[in-house]
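**Student:** Quick one: structure below, then a few questions.
The values are calculated or read from the model by the stated rules, or taken from the named source; none is laboratory data. The shown structure was predicted, so the numbers you read here are calculated from the model rather than taken from an experiment. Reconstructed Cβ throughout: ideal geometry from the backbone, glycine too, with neighbour counts over all protein chains shown.
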Amino acid sequence: MKEKSRIRIIPKKDYAAFVDIVANAYPGMKIITPEDKKKAVKQLKESARYPTVDYYGLYRKSRLMGVMALYDFTINLFSTKAKIGGIGLVAVDLLHKKEKVCREMVSYFLERYRKKGASMTALFPFRPDFYRKMGFGIGSKVAQYSVKPQDLGRAGMKKHIYHMTIKDKTQLERCYNRFVEKRHGMMSARPNKWIQIFKSPVVRIIGYKTGKRVLGYVIFTFKKVQENNWLKNDIIIQEFIYENRDVLSELISFLHTQSDQINRIIYSTQDEYFHFILNDPRDGTDNILVPLAHQSNTQGIGIMYRVINMKRLFGTMKKRNFNNQTCKIKINIKDSFFSKNNDSIGLNILKGRLIRVNSGDYEVEVRLDVADFSSLIMGAVDFRSLYEYNPADISSTRYVGPVNSLFLVEKKPMSTTQF
């Protein structure tokens with residue numbers, strides 16, 4: 001008989017066990033020594049003070065079997081603020097793998113945020129295929145560039161560029177929040193983000209400041225290229241935020257002028273056009289892709305999204321312009337993991353505006369899995385590709401073009417929030 005599970009917020013007395021489970025599940029985090037574990041417990045206690053993060057555990061017979069961190073975020077969903085739940089640090093005791101501990105925790109997570117009024121959730125997968133089976137759809141790809149400073153645009157003015165200190169914390173937060181309001185997909189920051197950044201002895205922040213107002217910044221660290229050569233370093237960019245092209249130009253100029261001491265600048269971005277800013281977009285590997293293409297970057301799958309309440313989701317999209325299309329469409333979602341979301345919805349869209357949700361009248365019907373729908377609604381993929389690759393079906397092929405136009409986005413979703 002299967003043991004009954006209880007999922008609840010972890011009491012402080014179990015923080016050490018929480019850390020042990022995480023350390024064993026993710027040895028790459030290098031929580032090894034007693035000092036490492038003591039530091040991790042302290043960080044848990046500090047983070048747990050914030051109302052937007054909770055640490056949960058799954059217990060069977062009072063034994064802690066698995067853990068997770070749940071985050072309350074807001075997301076810019078096509079210029080509308082919406083609730084979104086985040087999950088991280090999902091880890092299962094090594095002795096209890098393949099006992100559906102993770103499945104139960106993820107189910108709890110989805111149910112919790114549906115009850116809290118969210119229509120979507122998100123995570124960074126340890127394995128995309130694993131979470132795709134649970135209904136999470138792929139977000140924008142992450143491209144990692146490795147460029148010489150001198151190839152990063154042209155050096156120009158730097159008259160607004162300054163070292164940022166703890167005194168600039170409020171202005172940095174405001175700059176970030178303004179950027180969130182402008183860019184689809186951006187999410188609120190973790191509550192202790194800036195505290196952790198300024199506590200770190202290795203993190204540097206260079207910002208664009210006019211008066212007291214910060215309009216952009218780049219957060220980075222240095223990394224030695226060779227262990228026995230302390231003079232040769234790379235810059236590893238952690239976050240790059242700018243509010244307009246003038247700010248970008250001066251921050252790029254700052255990076256450009258580091259060429260005398262910096263070997264390469266390593267930058268991971270969801271901007272699919274970033275290579276156009278580079279004088280030489282090659283990444284230094286000299287790899288040639290068949291038949292003749294120079295390797296410019298490496299790419300990976302990052303954030304994944306999941307719709308958990310389709311009707312509520314479209315209720316938040318009253319202000320979205322569906323590209324001036326007029327269409328009556330029925331969307332059928334297959335959600336085998338979270339049955340409450342195994343649903344269909346009718347939309348009446350007139351000249352790009354959603355004028356009615358749950359309309360029974362429709363002229364075209366589409367069917368797709370919740371994972372693909374989640375990617376589609378966020379704008380990480382277009383409908384035509386889903387139809388041609390076969391994950392999506394449509395009742396009439398003459399509507400492939402109009403339905404594709406409905407969900408096209410000018411820019412794919414972007415997020416710099418780590419959790």
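**Student:** State the number of residues belonging to the range 282-295 that are out of contact with any strand residue (DSSP E or B) (no Cβ under 7 Å at 6 or more places or on another chain) and modelled with pLDDT of 95 or more.
**Tutor:** Kept after step one, since they are out of contact with any strand residue (DSSP E or B) (no Cβ under 7 Å at 6 or more places or on another chain), are these residues of the range 282-295: 285-287, 289-293.
Filter once more, so that each one left must be modelled with pLDDT of 95 or more: 285-287, 289, 292-293.
Total satisfying the criteria: 6.
**Student:** Quick one: count up the residues across the range 154-186 that are of a type in the set (A, V, I, L, M, F, W, C) and modelled with pLDDT under 95.
**Tutor:** If we filter the range 154-186 for residues that are of a type in the set (A, V, I, L, M, F, W, C), which is where we start, we get 155, 157, 161, 164, 166, 172, 175, 179-180, 186.
Now narrow it down to the ones that are modelled with pLDDT under 95: 155, 157.
Residues in the range 154-186 being of a type in the set (A, V, I, L, M, F, W, C) and modelled with pLDDT under 95: 2 in total.
**Student:** Tell me whether the range 5-16 contains one or more residues that are over 21 Å from residue 105 (Cβ atoms), of a type in the set (Lys, Arg), out of contact with any His (no Cβ under 6 Å at 6 or more places or on another chain) and free of Cβ contacts under 8 Å to residues at least 40 places away in the same chain.
**Tutor:** Start the filter on the range 5-16 by keeping residues that are over 21 Å from residue 105 (Cβ atoms), which leaves none.
No, the range 5-16 has no match at all.
**Student:** Among the candidates 274, 254, 240, 220, single out the residue that is closer than 17 Å to residue 151 by Cα and under 21 Å from the mean Cα position of the chain (by Cα).
**Tutor:** Numbers: 254 fails: under 21 Å from the mean Cα position of the chain (by Cα); 240 fails: closer than 17 Å to residue 151 by Cα; 220 fails: closer than 17 Å to residue 151 by Cα.
Only one candidate qualifies: 274.
**Student:** With a cut-off of at least 2 residues that are farther than 30 Å from residue 6 by Cα and out of contact with any Asp or Glu (no Cβ under 9 Å at 6 or more places or on another chain), name the helices (runs of 4 or more DSSP H) lying wholly within the range 109-212. Steps first, answer last, please.
**Tutor:** Details: elements: 128-132, 169-182, 193-199.
The helices (runs of 4 or more DSSP H) meeting that bar are 169-182, 193-199.
**Student:** Residues in the range 388-395: is at least one under 25 Å from residue 271 (Cα atoms), among the small types (Gly, Ala, Ser) and touching a strand residue (DSSP E or B) at 6+ places or on another chain (Cβ under 9 Å)?
**Tutor:** no
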